[in-house]
Structure formats: C-alpha cells, structure tokens
1. Taking B:T20 as meeting all but one of (1) buried (at least 16 other Cβ atoms within 10 Å of the Cβ); (2) touching a Ser or Thr at 6+ places or on another chain (Cβ under 8 Å), write down the number of the exception.
2. If the requirement is being buried (at least 16 other Cβ atoms within 10 Å of the Cβ), under 23 Å from the mean Cα position of the chain (by Cα) and more than 14 Å from every other protein chain (Cβ to nearest Cβ), which of these qualifies: A:F386, A:F358?
3. Can you tell me which of A:L325, A:L316, A:L302, A:L306 is under 22 Å from A:S353 (Cβ atoms), in a helix (DSSP H, G or I) and either small (G, A, S) or at pLDDT 95 or above (or both)?
4. Considering each of B:G141, B:G120 in turn, give the residue that is part of a loop (DSSP other than H, G, I, E, B) and in contact (Cβ under 8 Å) with a residue 24 or more places away in the chain.
5. Test each condition in (1) within 13 Å of chain A (Cβ to nearest Cβ); (2) more than 15 Å from the chain's Cα centre (by Cα) for B:T129 and report the one that comes out false.
6. Within region B:174-212, restricting attention to residues that are hydrophobic (A, V, I, L, M, F, W, C) and within 12 Å of another protein chain (Cβ to nearest Cβ), which residue is surrounded by the fewest Cβ atoms within 10 Å (Cβ to Cβ)?
7. Could you check how many residues of region A:361-383 are part of a loop (DSSP other than H, G, I, E, B) and over 25 Å from the mean Cα position of the chain (by Cα)?
Amino acid sequence: MTEHLKNEKLYHARIKRVMDVVALRKPDRVPIATMSDYFFVTSQGVNCKEAMYDPDKMKKAYTKSAGEYNLDMCGTPSSIFSGPLMDVMDVSAFSWPGATKESNRLPNNCTIQYQDKEYLMSDECDDFLKDPTDFTLRKLIPRMSSSLSDLSNIPISIRTMSMPYTILRLLPMMSLLLQDLGTKLKIAGGELERAQSAQNTLKADLKSIGYPTTYHFGIMSPFDWVADFLRGMKGTMLDMYRQPDKLKALVDVFEQTVTELIDAAIEMYQLDRVGIPLHWGAAGFMSDQQYAEFYWPQLKRLFLHLIEKNITPMPLYEGNYTPRLKYLAELPPGKIAGHYDTVDRQQHKDILSGITCFWGDVPKALLITGTTEQVKDYVKELIDDFPDGDLIIDGDASGIPVESKKENVMAMIETVDEYGKY
Amino acid sequence: MKDLMNAVIQMDEQSAIKQTEKLLADGKSAMEILDTYREALSQIGTLFERGECFLPELILSGEMLKTASEKLKPFIQKSVDAEKRGRVVVGTVQGDVHDIGKDIVVLLLDASGYEVMDVGVDVSAETFTTAVQEFMPQVLGLSGLLSSAYGQMKGTIELLNRKNLRSDLKIMIGGGQMSDSIRIYTGADAFGNNAVAAVRLCDDWIEEGQII
C-alpha cells in the first residue's frame, strides 16, 4: 500500500473512531480529539504572534505537531486568525499578540481575546430591530472596526436605494464618501486570500498525512451572539430585567441569522461538523428559568437544524454545565458531540447515558501544573468512568492549553494508547 | 427600610428608587439607606453562593446600589471615607483583557465597604507591585480567566515576595478556572471562583484578625 493510500485510510479510520463514539457505537479504543489550535504551534517553539503573522511557520509547526501527538482529530487551525488581516481591518473588539495598534496589543505568547463591550446601546434596540441590516451596516460595523468607520457616513437607510432614481443619485454619492474604504477593503481582501490559502494548504497537508480536524466551521448560539457582540455581558444581563422582550426579539433575529449562515455555508463548503462555543449558558451566569426562557429554545432549534442537515453539532460547553444536562436530554440520541469544561460526570452518566457521549475533560490546571503521574491517574479514572465506549478525551474548556507541559500532554496520549483499548 | 430591602432583593428597580426617595423625604439618614442597600447586596451574595441567585441579579443589584449612591451622595458626609473596612487592590493579570469578573469583584467589595483600587486589565507584575507600594492594601486580588493567567499570577506573587511586600498582604486569585492546586502553584493565600467569594475572603480575613 502506498504512503498516500495508507494515510487516507488512517484519515478515515480516525474520523470513524470519533464519530462512532458520537453515534454511541463502541470504537476500537477511546479517541482523543482536541479543540486546541495554538498548542499545536506553540509546543513547537513558535509563539502566538508568529502563528498569526507568519503563515509558513504556523503551517510547519502545526503539521509537525499533528504527526508528533498522533491524535484522532487535531484542533481546527481556522481559529488562528491572520494578524495582518486584523491589523488592516482594525477590529477593536479583539486584542491579539503583535497588533500594530498598541491598545489592541497583547504579549507575544498570548492567544487572541475578545473584549467585552456594549456595541448596541440599550436605547438603540428598537432601531436595530426595525431594520437590523441597515443598523448593522451604518452603526455596528463602524463601531467594531475603525477601518470601516466610513460606513457611518452613509447618510440614509439602505432601503432608500430601492428605486432607480436613488440608485442614480445616492450610490455615486456614496462612492465618493467611501473611497478610503474601498482601498482598505482591497488590502484586506489580499490578506484574507493569503490567510485562506495558508489555511487550505494546511488542512490539505494534515489530510495528506492522515489527520482530520475536529470541525471546519464555527458559529455562535443566538444568545451568545447578542451577548458577546451586541449588548455586552452587562447590557444583556440587565436586559433580562429591564427589557426582556427586546432581548428575546434580538435573540430571535440572530436565530434566523445563524440559520441563514449555516445554510449559506452548506452551499459553499462540505460541512460535516460544526463547532459552537457556548459562553453564557453555564451555571452561575443565569438561572434555570432564565436559561429556559432566553437561551435554550433557540440553541435547541439550532442543534436540530444542523442535525436535520446531517451535520454534527460540536458545542463547547464553557463553564459548569451540570445544571443544564437535563435540557440536553431533550436532544436526539447519538447526534451531538458536546465538549465539556466542568461537569459532574456521574450526573452526565445518569442523565445523558444513551443520548450523548462525554467529551473532555482533563483539567487545564493538571496539564499545566501537574505531574505526569497525576495526568495518567486522571485519564485512567476518566476511561474507567465510561466503559461503554461513549468517551472522547481532550483537555477541558478549549482543549489543551498552550501553557501545558509537553510531558503531561504526552502522558495523556500514552495513557489512552495503553489503557483505552476496548 | 424593610420595603427597600425587599425591593432590592426582589430586583424591583423602580420600587427601590421610590422607596429611597420616600425614605429620604421622611428624614431617614442617607447613610442608613445606603447601608440597607449594602445589606441587601450581601444577602444577594449569599443567595448567589447558594445557587439561588445568578449573574443578572448580581449585576442589577449592583446597578441599583450605584443609582442610589449617586442620589444619596449629596447627603453623605465626607467623614464616611474613614469608616472603610480595608483597602484592596484588584486587577486582571498581564496578557488577559477580561474584565467582567474583576469589575463585579470591585463593585461588590466597594458595596461591602472596602476601599478599592482597580488597576485594570492586562496588568504587569511591576504595576501590581507599584500599586501595592503606593496604596498599601491589606488584600491584593489577581483576576484572570485564561490559563495564561496562572503563570502571570505566579510571577506577580514572586515579584512581591522578592520585594518583601508579602508580610502584611493577603493575596487572593480569582477566576472561573482557579482551584486549590493553582493557589499552591501561584503561591497565593486563597482562591475564589466568583466575585462573591472575593468579598467573603476579605471579610473572613478581617474577622479572623488576619488583616488589620
């Protein structure tokens, strides 16, 4: 068998191992599939800034790590954004290593971070709801990206361009207002092309050596979209009391938006697995009643929409999800791969056994500060807890953290190899 | 005062404002009214710890206190500052720009009668050290959401040790990912996973006479 055929076989065998667990079929051994991205780069001595600004270094390190760690699924490299693209777009909502603008700059070894802000003010919700597209174009985008601030110069609603007279007058007028914007977008387009080309080559390289990635496309839950990118944490939490109906209306708008986005992505890519990082539904962030009222209905419909399209949702349940397990029991069995951060394993087994697998949860504190023996013990206990083949192993939260001791990651992998065969 | 307390605990913002205005008109002292708010927030904190109250309630009650403080400020004598329970420096460590948890800690500590210096986010070990030297707090709170925070917290505490600034200083680390093993790793005195725990730690240290 040629090397190429051998790797292709391995590629499919690895996907099958993971997806068997998701479908609640016992695989040959416990799979390891990680949500991590930057670890694949930093553990080869390339820092986070280099990962974002030097695609060749990033690709080389990522590919080397894939072969070295030999996981069933690597994290998706798509979440390593292009630094030059971010600089050109000047996205004020993020801080990242190496940012040209000092106010956005983080130390070289830090991963990209979102800055919680209120982009849509509480008294603007009605205006947004009246015309979400126009508000997004003329108000939200300029607030989120100073490179696109010229869009706020558009003097009148986009709807007014729906007749030939206004097309003749307003569009040419706008081209004068938006000259700088065109130049910036042209540069950004070039950077995007360069970044996408690097990502596509990397994914092809990984595939050629037999390694799949967890997912290729990520989306937000409707509530988190509103909380993270429009109203901010504080605004959203206050909305639950001060303007609950408007908050619900916003979440409804973004349920429709997420659905449109998925359907468009289905047309563009071959989607099989979709990542959904979940931020605000965990214990402590809201009551069960609030979760049932503001968060779960739209999230459940999102899961079901993906399932209907034969796509496996891969939610990252950030924070403690124990109180929400009862909601997950409403989902069809064997269709979702939920990645846990903190959850009561016994309750997971009691409530979700036969419905959904367990994906996690080697603690980051252990991978960073623990010993290899402690890691081995933890992984063995995890495997013992799920003897029926419904376990995928990874770090907790977002997978293997960049600060992990390499020997601890190797201990996790070796223990699964030695102890995880069924 | 009971009606005001109930209004705050039941998250009835409008009623709390009305009660505050009524109590002021009835000649109640502004300080007494503010203390009622603080007591209500303390009870909400307890409910939060018990899992009977959540982030929206913490935030809203904090906002209610803020509104009341503004309204009552003209009626409160300046000497009140002298009655602060203690001084606390709080900030998010270098490389981490998350401010949500830190901001709630600042709000709750302030509401609980502490004088708080908020040094912001992405704060270097050197800046924390300068803040400790200048503000002379009894407690330093290091906040962080990311796993990169562990090393930064450790480095900050090591710098404070090297500069002999630990003898009268308690250090607490906070964030959803903190644990006792991380407390040991960083060299902190205590850890907390939420904002209410930070207030509880400061209160306990004061009650136990560990900080003066």
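1. Unmet condition: (2).
2. Values: A:F386 fails: under 23 Å from the mean Cα position of the chain (by Cα).
The conditions single out A:F358.
3. On the way: A:L316 fails: in a helix (DSSP H, G or I); A:L302 fails: under 22 Å from A:S353 (Cβ atoms); A:L306 fails: under 22 Å from A:S353 (Cβ atoms).
Only one candidate passes the filter, namely A:L325.
4. Values: B:G141 fails: part of a loop (DSSP other than H, G, I, E, B).
On inspection, the qualifying residue turns out to be B:G120.
5. In the conditions (1) within 13 Å of chain A (Cβ to nearest Cβ); (2) more than 15 Å from the chain's Cα centre (by Cα), B:T129 misses (1) alone.
6. Going through region B:174-212, the residues hydrophobic (A, V, I, L, M, F, W, C) turn out to be B:178, B:182, B:184, B:188, B:190-191, B:195-199, B:201-202, B:205-206, B:211-212.
Next, only the ones that are within 12 Å of another protein chain (Cβ to nearest Cβ) stay: B:178, B:182, B:184, B:191, B:195-197.
Working: B:M178: 27, B:I182: 24, B:I184: 11, B:F191: 24, B:A195: 26, B:V196: 24, B:A197: 20.
Ranking the candidates gives B:I184 first.
7. From region A:361-383, those part of a loop (DSSP other than H, G, I, E, B) are A:363, A:370-371; that's our starting set.
Right, trim to over 25 Å from the mean Cα position of the chain (by Cα) and you get A:370-371.
Selection size over region A:361-383: 2.
So that you can scan it fast, the table gives a plain yes or no per residue for (1) crowded, with 16+ Cβ neighbours inside 10 Å; (2) within 14 Å of chain B (Cβ to nearest Cβ):
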position	(1), (2)
A:A264	no, no
A:E267	no, no
A:R273	yes, no
A:W280	yes, yes
A:Q289	no, yes
A:W296	yes, no
A:R301	no, no
A:H305	yes, no
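The values are calculated or read from the model by the stated rules, or taken from the named source; none is laboratory data. Please read these numbers as outputs of a predicted model, since none were measured by experiment. Note that we place each Cβ from the backbone using ideal geometry, even for glycine, and neighbour counts take in every protein chain shown.
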